[in-house]
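In what follows, a single structure is set out as structure tokens and then discussed.
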Amino acid sequence: MAAPSDPFLTHRSLLFTVAYEMLGSAADAEDVLQESWLRWAEADRTEVRDPRAYLVRIVTRQSLNRLRTLSRRREDYVGQWLPEPLLTSPDVADDVELAESVSIALLTVLETLGPTERAVFVLREVFDVPYGEIAEAVGKTPATVRQIARRSRDHVAARQPRVTVTRTEQQTVVDRFLSALRTGDLQALMEVMSPDVVMIADGGGHVAAALVPLHGVDLVANLLAGARTRVTELAATPVWFNAAPAARLEFDGEPSAVSVVVSDAGSDARITHIYVVRNPVKLTRIDEEAELGR
């Protein structure tokens, strides 16, 4: 058991965040932390000059090992794969860069990177780790890491949905969205979404969910309005998932976590992307607030 002053406990929220951003799964991140703690416990502390950097390096290597295994499993995943949502405090959003880095939208884009590219992007762009330290963690030269960082940054920038509203504006849109869902008001749903809205749902083969992304306000609004008519009870609660206003839905007691991307400001704010996690395996922690940090 680590002592209260142990560097592992001091930096635990940082280490969890690194692992989660690399894996997109809180459960896998916790496993990585357990494996990393065992290696830390066996380390000769007298040889460790910078415990924080040392621990980040351990967690990165363990995350890379886990990520390579998960990448093969995800090839056989049923339907669309989305990150595991995390319940977070609104305070996390005060760190804008951290909030963006754990967003469902960005984590979904990171799935399109290879394991090493993802590790380099997370360590450099989110945690500002020096290239030399990243090179040690991923087993590459600093020059190679610089090239990987540039390619990864360009790759993500070309695919990442942009949030162009304040958190307050996003909360207002989420509230309108939930109000329309509760009543099944088709017109209200259409008004709160962009004409070219995209909805991605993750059921993992455990529950019903669209197997491909759905495009266009007519299709998405009709599907959501229709879902309301097919259940006896719908609970729609505003929450904060992944450092942004979001929603927890329960259709006849069956939970879903919904995250959205909102663009344009003020009265023109509309939802452009909807991410619906229905896979029950990914919803076991949605009542437990995650501790994130840099």
Response to the item:
1/(1 + (r/R0)^6) with r = Cβ-Cβ of Glu191 and Thr166, R0 = 22 Å, i.e. FRET efficiency to nearest 0.05, evaluates to 0.65
Fill in: Positive-pole candidate from Ala137, Ser179, His155, dipole of segment 133-183, charges at beta carbon
His155
Worksheet item: For the chain, what's the relative contact order in percent, using C-alpha pairs closer than 8 Å and at least 6 residues apart?
Response: 22 percent
Practice prompt. Taking the convex hull of the Cα atoms, report for segment 222-286 its projected area averaged over all directions, in nm².
Written response: 5.2 nm²
Discussion item. Taking amide H atoms as placed 1.01 Å from N in the peptide plane, list the residues 5 or more away in sequence, or in a different chain, whose amide H sits under 5 Å from that of Met193.
Written reply: Ile271
Worksheet entry | Under Karplus coefficients 6.51, -1.76 and 1.60, residue-wise ³J(HN,Hα) of segment 123-133 in Hz, glycine/proline x | 5, 7, 6, 9, 10, 6, 6, x, 4, x, 5
Practice prompt. Could you rank the peptides 280-288, 137-145 by their average count of other C-beta atoms within 10 Å per residue, with the highest value first?
Written response: 137-145, 280-288
Worksheet item: For the chain, which whole-number percentage of the solvent-accessible area (1.4 Å probe, protein heavy atoms only) is attributable to carbon and sulfur atoms?
Response: 49 percent
Fill in: Packing rank of 9-19, 106-116, where each peptide gets the mean count of other beta carbons within 10 Å, highest leading
9-19, 106-116
Fill in: Relative contact order (%) - segment 107-202, alpha-carbon pairs under 8 angstrom, separation at least six
21 percent
Practice prompt. Would you mind getting the accessible area per residue of the chain, heavy atoms of the protein chains only, 1.4 Å probe, in Å²?
Written response: 46 Å²
Worksheet item: For a label point 7 angstrom out from the Cα of Asp218 toward its Cβ, which stretches of segment 164-192 have the backbone nitrogen within less than 18 Å?
Response: 186-192
Worksheet item: Regarding the chain, what are the three Cα extents along the principal axes, ordered largest first, in Å?
Response: 65, 39, 37
Worksheet item: In what order, largest first, do Trp40, Trp240 sit by accessible area if the probe radius is 1.4 Å?
Response: Trp240, Trp40
Worksheet, complete the sentence: Rounded to the nearest 5, the percent of DSSP beta bridges in the chain running antiparallel is 75 percent
Item to complete: Would you mind checking the tilt of helix 12-23 against the longest principal axis of the Cα atoms of the chain, expressed as 0 to 90 degrees and rounded to 10?
Response: 60 degrees
Fill in: Per-residue HN-Hα couplings for segment 213-219 [Karplus 6.51, -1.76, 1.60; θ = phi - 60°; Hz; x = Gly/Pro]
x, 9, 10, x, 5, 4, 5
Worksheet entry | Radius of gyration and Dmax over the Cα atoms of segment 1-62, both given in Å | 10.9, 34
Worksheet, complete the sentence: Inverse of <1/r> over all distinct C-alpha pairs of segment 144-237, i.e. the Kirkwood Rh in Å, gives 15.7 Å
Worksheet entry | Expected 222 nm ellipticity per residue - DSSP helices of 4 or more, -39500 (n - 2.57), all of the chain, to 500 | -14500 deg cm²/dmol
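The values are calculated or read from the model by the stated rules, or taken from the named source; none is laboratory data. Since we're looking at a predicted model, the values are computed, not measured. Don't worry about glycine lacking a Cβ; one is built from the backbone with ideal geometry, like all the others, and counts go over all protein chains shown. SASA here: full protein model, heavy atoms, side chains in, ligands and nucleic acids out. Shrake-Rupley method; radii C 1.70, N 1.55, O 1.52, S 1.80 Å.
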